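Colleague: Here it is, the structure, as structure tokens.
Read-outs throughout are calculated quantities, based only on the coordinates presented, and are distinct from any laboratory measurement. No experiment lies behind these values; they were computed from the predicted model shown. Here the Cβ is made from the backbone with ideal geometry for all residues, glycine too, and neighbour counts use every protein chain on show.
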């Protein structure tokens, strides 16, 4: 298949493309899902992260 | 060497690239810089920028040069790793691990991977132990990226390996110590765009040069009778076939190398990578993770998918367009396809044909190559070079290569007595002088236009830099925040000046260690590239030690502190034991044993530690957690309760 001798390698080739398409379709379908609110815990975490980075 | 032949358009392309990178870096520094800055300021960053910066940080010279070269040697079976990279490393990781990691990390105010584990299980031991494992073993992964860049520099500038390693290490040290630890999103994203464009050009150019997609694959399939005997002996069945599967005989070794070490070791190991887990915490929301899945999948396909396909197809390219070797046909392997074994010969200044000879040490390392006068029989016919071994065990033999004879002129017109010199092209590993890490750099140098080679070089170096800085950032925080502050810092978090000192020392030592590994690795070059091995060791070790405790910790309330500690200890001890006493060639390089303790049991010495350690570590966590005490409910509620229950205020 596709000039590839072994069906297991051909399967890997197709699965690479298939899983990429799966990712794209998932990303597209869920583009606006999952919430985008920033909570206090997130802001607190980010402020602390900045402090930790400053140490470096 | 590129530099000898560079012209004005090449210089313009490179300068444009450098200026664009510098300008975007300046913009990044002037405005908001890091992901946390975006979070604090509540600003929005386009998911393309976020995903590309993520991809550029995590895909480095290790994946492209190291594993691409392994594909050039072993073939397209490595595409199973690309599938794992996309399906496990992106789809599963982003969808199933991303959000719980982000949420629990933020709720517990964890800023490093060891801190996440330590706080989830309320255990200082877990944080310190995880920090130590990362600080001690990260240099190994760092060395893989360092070697990848070094191999490219040696090819591009015709430089000595050790000199290139040193120069690259100084560049990295300068970059890391002068503030390069913070990821600047827009420069990372530009690198991502350039890498994407570069890889797209690479695959299109490669397919065009080998006659198209199906024809190119077919041509690669047709080369299988040119597989070197050392590889067929361990189960190589051609570049478009899986290695021979089975257990209990040497001829199955390659299957276990490809599947257990390369595909599973790295493909599954990615789930417990400290840098990856920390990146999930820097993402603003689940929505951003959802958006990043599609872009991440395409990016990984463009990186490892292209690198592995190109690596394998480079064999077909070289067989069609590679520089010609001249010599005499020792044996026609396939007369229809003009496949032959060629004793390489060179003409002396006086016009005489000389045999190319190579010397190899008794443990298989290449020593010297030279030419010697051809011996003839009574009729003047050239004799094959007799293989001999001296008293030191040094093997002397002729340089014999698999070759596809040149279609236009398979035999040279100037016959010498009864002898007819021939000419042909060979496979990638021959052009890379037996070093799979050199396959991609050699292919880029010989096959691609000069300007592309230069941009690709800069891109790879930039990609290596961004990955290295993130590796050393993780190493530094593990040593400073997770080990030093936890052990000696007291409840207040310790003296920050002393922590900074520890972090810097740790980074410097890590860098020195990475360079040392890079230096000695060159001397211990084995069948599979050192880049791939070092990466696989680190990924496998992380998975065996951290994966059950990490995944269980973010998903299950039933996971106990004792279960996590036992699982981490079992995973780490079994992995290191397997590496030090069983796995070949790692055990002989470590030096505690002269040969694998399972040397007489075929295949076991090439089974990856992950195959043994991960199931045991998983079993341990389940068994120990089932009869030990859970964390207190209040803590588990903070980790797992829904947002409404937690009564968080939205801003």
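Colleague: Computed FRET efficiency, Cβ-Cβ of residue B:622 and residue B:388, R0 45 Å: what is it to the nearest 0.05?
Modeller: Numbers: r = 59 Å, r/R0 = 1.30.
Computed FRET efficiency for residue B:622 and residue B:388 comes out at 0.15.
Colleague: In nm, give the distance between the simple-model label positions of residue B:594 and residue B:509, each being 7 Å from the Cα along the Cα-to-Cβ direction.
Modeller: Here the modelled spin labels are 3.3 nm apart.
Colleague: For the residue pair residue A:14 and residue B:193, what label-to-label distance in nm results when each label sits 7 Å from Cα along the Cα-to-beta-carbon direction?
Modeller: Each label point is offset 7 Å from its Cα along the Cβ direction, giving 3.7 nm.
Colleague: Right, something else. PRE reach from residue B:332 (point 7 Å along Cα→Cβ): which of segment B:191-233 fall under 17 Å by backbone N?
Modeller: B:225-226, by backbone N distance to the label point.
Colleague: Moving on. Could you check the spin-label model distance between residue B:634 and residue B:15? Points 7 Å from the Cα along Cα→Cβ, value in nm.
Modeller: About 6.7 nm, to one decimal.
Colleague: Going by a ≥ b ≥ c, the root eigenvalues of the Cα gyration tensor, does segment B:325-405 fall in the rounded group (a/c under 1.5), the prolate group (a/b larger than b/c) or the oblate group?
Modeller: Working: a/c = 1.81, a/b = 1.30, b/c = 1.39.
Cα axes put segment B:325-405 in the oblate bin.
Colleague: Treating the angle as unsigned and between 0 and 90°, give the value, to the nearest 10°, between the Cα long axis of helix B:213-222 and the longest Cα principal axis of chain B.
Modeller: 60 degrees
Colleague: So what is the 222 nm mean residue ellipticity for chain B from helices alone, if each DSSP H run of at least 4 adds -39500 (n - 2.57) and you divide by all residues, rounding to the nearest 500 deg cm²/dmol?
Modeller: Per the formula, -18000 deg cm²/dmol.
Colleague: Let me ask something else about it. For the protein assembly as shown, just say rounded, prolate or oblate: build the C-alpha gyration tensor, square-root its eigenvalues into a ≥ b ≥ c, call rounded for a/c under 1.5, and beyond that prolate if a/b exceeds b/c, oblate if not.
Modeller: Taking the square roots of the gyration eigenvalues as a ≥ b ≥ c, the protein assembly as shown is prolate.
Colleague: Pull out a ≥ b ≥ c, the square roots of the eigenvalues of the alpha-carbon gyration tensor of segment B:380-451, then state rounded if a/c is under 1.5, prolate if not and a/b is larger than b/c, and oblate in the remaining case.
Modeller: Oblate.
Colleague: For helix B:8-30, report the angle its Cα long axis makes with the longest principal axis of the Cα atoms of chain B; keep it between 0 and 90° and round to the nearest 10°.
Modeller: 10 degrees
Colleague: Separate question: Express in nm, to one decimal, how much length is gained between residue B:377 and residue B:215 on full extension, taking 0.36 nm for each residue of separation and deducting their alpha carbon distance.
Modeller: Difference between extended and current length: 54.0 nm.
Colleague: Relative to the longest principal axis of the C-alpha atoms of chain B, give the angle of the C-alpha long axis of helix B:185-209, reported between 0 and 90° and rounded to the nearest 10°.
Modeller: 30 degrees
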